[in-house]
Amino acid sequence: MNNTPYTLPFSQISAADLPLVGGKGANLGEMSRAGFPVPPGFCVTTHAFRDFVAACPPMAEFYATLDQLPLEDLLATRKIGGQIRQALHQTAIPATISTAVAHTFHTFDPQASYAVRSSATAEDLPDASFAGQQDTYLNVRGEAAVLDAVRRCWASLFTDRAILYRQQNGFAHQDVALSVVIQQMVLPDVSGILFTADPVSQHRHVTTIDASYGLG
């Protein structure tokens, strides 16, 4: 019997949990445990993703097709990616997963607005970032809307750009899994982002910090 949890609060996550919560989730856990003022939330683990995908009957065939895709064949990628996303959108989330997510969600403020963010196991790595490859949804309110956003994040692992990026960087499609971060939103005066490589020159020894008003 698999005892891996479907959800983990930030307070129980460390860098060692990257295979369960992906890059974003692991970093949020580390910052929370270090005492930084991280807005509260939790991760839906990759165990939930894998069980959800297993509940979609055509996925084994889809993965086999992905493995045979000609490198950077845009038309073929667009076709199979669309088929996979449609199948996942039509697949019911298993009750064990939806119940676990709903239970954890209600341990936080169910009236608050949440960011529902994709967190892949192959992101924030030394040789590949996967930044922006999967979807994020903001101002999500209520249990049903959160569960729907979780499903959409899972399906976004198979967007055209995500499939092509895995091809280009030599990641096996079936080896990459997706966690989902569910985090209470705040109303910021200013938002900032740190680039560990210059986004214009692509120089990896130049750090760039940018900021703007509001959510950024």
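In region 5-26, which residues are open to solvent by 70 Å² or more (accessible area, probe 1.4 Å) and not hydroxyl-bearing (Ser, Thr, Tyr)?
12, 16, 19
Examine region 27-48 for a residue that is open to solvent by less than 60 Å² (accessible area, probe 1.4 Å) and basic (Lys, Arg), and state whether such a residue exists.
No, that holds for no residue.
Using beta carbons and a limit of 6 Å, which pairs, at least six apart or on different chains, have the first residue in region 2-20 and over 12 Å from residue 104 (Cβ atoms) and the second one aliphatic (A, V, I, L, M)?
Pairs found: 13/21; 15/26; 17/26; 18/26.
I'm checking my understanding of the structure. Among residues of region 1-24 that are farther than 15 Å from residue 121 by Cα and in a helix (DSSP H, G or I), which one is nearest to the chain's Cα centre (by Cα)?
10
What number of residues within region 96-123 are buried (at least 19 other Cβ atoms within 10 Å of the Cβ) and either part of a strand (DSSP E or B) or free of Cβ contacts under 8 Å to residues at least 40 places away in the same chain (or both)?
7
Of everything in region 163-182, what is out of contact with any helix residue (DSSP H, G or I) (no Cβ under 7 Å at 6 or more places or on another chain), of a type outside the set (Ser, Thr, Tyr) and under 23 Å from residue 45 (Cβ atoms)? Give them in sequence order.
Hits for region 163-182 are 171, 172, 175.
Within region 80-97, is even one residue at pLDDT below 95 and basic (Lys, Arg)?
no
Going through region 69-95 one residue at a time, which ones are closer than 14 Å to residue 53 by Cα and loosely packed, with under 14 Cβ neighbours inside 10 Å?
Across region 69-95, the qualifying residues are 86, 89, 90, 92, 95.
Within region 56-74, can one find any residue that is within 23 Å of residue 177 (Cβ to Cβ), among the aliphatic types (A, V, I, L, M) and free of Cβ contacts under 8 Å to residues at least 12 places away in the same chain?
There is at least one residue in region 56-74 that is within 23 Å of residue 177 (Cβ to Cβ), among the aliphatic types (A, V, I, L, M) and free of Cβ contacts under 8 Å to residues at least 12 places away in the same chain.
Do the conditions hold for residue 126, that is, is it modelled with pLDDT under 90 and surrounded by fewer than 11 Cβ atoms within 10 Å (Cβ to Cβ)?
Taking the combined requirement at face value, the residue satisfies it.
For region 132-173, which positions are of a type in the set (Gly, Ala, Ser), under 14 Å from the mean Cα position of the chain (by Cα) and within 20 Å of residue 48 (Cβ to Cβ)?
Scanning region 132-173 gives 149, 155, 156, 162.
The values are calculated or read from the model by the stated rules, or taken from the named source; none is laboratory data. The structure presented is a predicted model; accordingly, all values stated were derived computationally and were not measured. Because the Cβ atoms are built from the backbone with ideal geometry, glycine has one as well, and the counts that use them run over all protein chains shown. All accessible areas refer to the heavy atoms of the entire protein, side chains included, with ligands and DNA or RNA removed. Shrake-Rupley method; radii C 1.70, N 1.55, O 1.52, S 1.80 Å.
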